[in-house]
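Take a look at the structure below.
Where a number appears in this text, it was derived from the coordinates with a stated rule and is not lab data. Given the structure is predicted, the values throughout are model-derived calculations rather than measurements. With ideal geometry, Cβ positions are generated from the backbone for all residues, glycine too; neighbour counts draw on all protein chains shown.
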Amino acid sequence: MVVPSLKLQDLIEEIRGAKTQAQEREVIQKECAHIRASFRDGDPLHRHRQLAKLLYVHMLGYPAHFGQMECLKLIASPRFTDKRVGYLGAMLLLDERQDAHLLITNSIKNDLSQGIQAVQGLALCTLSTVGSAEMCWDLATEVEKLLLQPGSYVRKKAVLTAVHMIRKVPELSNIFLPPCAQLLHERHHGILLGTITLITELCERSPAALKHFRKVVPQLVQILRTLVMTGYSTEHSISGVSDPFLQVQILRLLRILGRNHEESSETMNDLLAQVATNTDTSRNAGNAVLFETVLTIMDTRSAAGLRVLAVNILGRFLLNNDKNIRYVALTSLLRMVQSDHSAVQRHRPTVVECLREPDKAGQRAHLALVNSSNVRAMTQELQSFLESCPPDLRADCASGILLAAERFAPTKRWHIDTILRVLTTAGTHVRDDAVANLTQLIGGAQELHAYSVRRLYSALAEDISQQPLVQVAAWCIGEYGDLLLEGSCEETEPLQVKEEEVLALLEKVLQSHMSLPATRGYALTALMKLSTRHSDPPCAQGSARSYPSSHRLLMKSPGSTQRDTPIFHLLRAAILEKMPLVERGGTQDEEAKESKEAQLSEAALVSTEPPVRRPEAPRGRGLGRASTPTCYLPHTLSCFSLHTPASVPNLRVFEREGLQLNLSFVRPPETPALLLITVTAVNTSGADVTHFVCQAAVPKSCQLQLQAPSGDTVPAQGGLPVTQLLRIFNPNKAPLRLKLRLTYHHLGQSVQEIFEVNNLPAETWQ
Amino acid sequence: MQFMLLFSRQGKLRLQKWYVSLSDREKKKITREIVQTILARKPKMCSFLEWRDLKIVYKRYASLYFCCAIEDQENELITLEIIHRYVELLDKYFGSVCELDIIFNFEKAYFILDEFLLGGEVQETSKKNVLKAIEQADLLQEEAETPRSVLEEIGLT
């Protein structure tokens, strides 16, 4: 029984009617089976229909390589219908990487030399689309013959096929260079356009060809002049501009020929001026020509007046309503900044207006215009922009300002001020090294220590949310706190700061849930530094005492080894003497449970890796005994909170060959929608876990923020765990689901694990 | 031009013309990336964007995105004209073209494109000439497909 296969239109209908991907696949597989059968033993008359269906299916992304041979057969057929679809199939399915493609060479050769134009056209089109280097070698002479045949339809295609051949086989330039002179006399726009493209290609590939074609500059100028002077022609004009495609191509060739060549540039001067002033700029077509003209003027040895004209045109472009025009103007100005700096500078005010472009071109152009003489004004403009610009442009703008400041800062103080302002305005968008850079900058400017610390203190007092700013401020206060408290600094307003205020501010930073662990580290270190220098140590100690810290924080500070300072010993004793955060007088059970909140680990302070336990202290140990402190590392952020947060039990979510992953949860009472999860990776096996990366996913109704992990190596034998903080914002109290993806190397293997955390306690989201 | 892609607002490919040699896998990857990038663009952004070492020029006409990848030295504004010209040609041929026309007659869309561009370059700047060429080819195709006359069938001619 012959099952009639679908017509193309019907097949398309059926595929579009499929409701699911699976259904679509089914329909297509069924039809492909038909097509295959038909290729094998079907009627050759209908082969083209089968191939057409296959091509449609191929466009949807399904495999169709079994149709390649059919393309060959169809191309070889004498019928035009077959050839049309066959060549189309060849262009879509044949790949020059496979030898099969060479099989069409013969058919193409035959088709090129037979008389029907449409067939020659198909062959040339295919050759210029998928012709490989070998094919081009084989068929070059055929194409050359067609270049000088009478019919314009075939000639215009032959010229462009030559372009393709030269791209694939540059040596073929020798064959295609000679005919160009004659072709340039053509009146047919298509052939002329193709010829100019061919000459352009030849010149770009060979300095000899470039030299050779310089002599046609006058001819090109004449052609373009005629075009420009010609009145409106329905056939080739677009919006009152005569054949803009041809004009643009000529201008481009002139650019290549006139580059670094006085004589050629001079020959085209008048014409360029003419085009620049006479082209209708009301529509895109005219602007396209004008744009190309500007590029040619700027890139050749044009007269000075002409160059100014060009830059002014770009300046006008910047004011154009059409955002596309503004964009190309900005990108061009960028390129010109090097060569024509002062001319471009004149347009700075307009460039400032363009800062608001949604694409970043405006910013880049603006930044490119910064130099040592205008840096203050430019930065001012950029800063104002930064304050109000959309968030997606902030990061680039902030980086840009910082870069410009680095390069052109007139004074150190200005530099510090600038960075400070950027940090205040867009702190969360700056690069990671901004903090280090600023601390280094301040550190190196001794005369500005007092100034810096005061400014930073004031900034911090106003806003403790911008992490980089807080970090720098905390560091600075730690280093130069004494300068803050004593006397006044001429460069800032008189500021009376009392010790308690400074400490209170640092405490506030420590307490805040907006503060990252790194920030807390800076703040705590500052507190410790202050306590060694203050007149009233217990004051500072009191604060520091309330905040047991993790080993990392203490090890992090630039400079001194913490354990040598007298304060260190004091702190240790003080901390062990009192158990903060624990209800005094509670039962032993309670104490034990709550003692998982925070203690100092001596071993960690000595910076060897102690065996890390989960934060559950065995009873009674480490309390009130100054001599043998055995303490445990806190892994939860709850240790930093004075309020007792809703306590949610920890969860072990993963274990494999000694690598364990634990989650601990904090729901800060002030922000009920926020859930803080600390992921802790501990490795009890004998081999290190390296390249450890943990990623997380939550339902769409929640927002997830992953902070940077403490490291990517989980050392063996229960060494220092890797921790990472997840901040989940769940305002709708949607049931929380958490999926984790771990990748790491362990025991000589690369491991990837993806799993969902199953038993999330309800307290994490309710 | 290195390639041209036509795709719908849902990201479905309607035409792909590649003027550079790439493997099927690479083409799929590039297509996916570019479609995603363009569909994510907001309406107020301009028609040009930089992608890898190329420039992408795109424009939306009704439910179809026309997207061209050009090299650094090529003129973006004239590429917009190329796109527009192609749309005009389709419109003239199909009579008020819509996406469905291009879906159901995709081969024709290719044939028209192949009369306008060749090897990634403009071959014919006269709308009239392009349409004439297509017309003639269509005629040739019809003649080729014309069923043999009754006389021929019974062997009398």
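Once you reduce region A:671-700 and region A:160-192 to the center of their Cα atoms, the two points are 63 Å from each other.
Sorted fewest first by neighbouring Cβ atoms within 10 angstrom, A:472, A:143, A:693, A:289 come out as A:693, A:143, A:472, A:289.
Taking 7 Å steps out from each Cα toward its Cβ at residue A:7 and residue A:693 produces label points 5.4 nm apart. For region A:649-733, the list of trypsin sites (Lys or Arg not before Pro) that fall in a loop by DSSP and count at most 10 other C-beta atoms within 10 angstrom reads A:700. Decide, for region A:420-471, between rounded, prolate and oblate: order the square roots of the alpha carbon gyration tensor eigenvalues as a ≥ b ≥ c, take rounded if a/c falls under 1.5, and otherwise choose prolate if a/b is larger than b/c, else oblate. Oblate shape, in that a/c is at least 1.5 and b/c is the bigger or equal ratio.
What dipole magnitude, in Debye to the nearest 20, does region A:380-540 give about its Cα centre under +1 on Lys/Arg Cβ and -1 on Asp/Glu Cβ?
300 debye
Loop-resident GluC sites (Glu not before Pro) (DSSP state other than H, G, I, E or B) in region A:206-281 with no more than 13 further Cβ atoms inside 10 Å of their Cβ: A:235. Note on residue A:211: aspartates and glutamates with a C-alpha under 18 Å away, same-chain residues under 8 apart excluded, are A:171, A:201, A:262, A:263, A:266, A:299. For residue A:102, neighbours were defined as the other residues whose beta-carbon sits under 15 Å from its Cβ, and their charges (Lys and Arg +1, Asp and Glu -1) total -2.
Could you please rank A:698, A:679, placing first whichever residue has the fewest other Cβ atoms within 10 Å of its Cβ?
Ascending Cβ contact count within 10 Å gives the list A:698, A:679.
According to the square roots a ≥ b ≥ c of the eigenvalues of the Cα gyration tensor, what is the shape class of region A:79-199, taking rounded for a/c under 1.5, prolate for a/b larger than b/c otherwise, and oblate for the remainder? Because a/c hits 1.5 or more and a/b fails to exceed b/c, region A:79-199 counts as oblate. Once the Cβ-Cβ distance of residue B:138 and residue A:504 is raised to the sixth power relative to R0 = 60 Å, the FRET efficiency obtained is 0.10.
Counting Lys +1, Arg +1, Asp -1, Glu -1, what net charge surrounds residue A:18 among other residues with beta carbon under 11 Å of its beta carbon? Net charge around residue A:18: -1. Spin-label model, residue B:40 to residue A:320: label points 7 Å out along the Cα-to-beta-carbon direction sit 2.8 nm apart. Counted by Cβ distance under 15 Å from residue B:87, the other residues give a net charge of +2, where Lys and Arg count +1 and Asp and Glu count -1.
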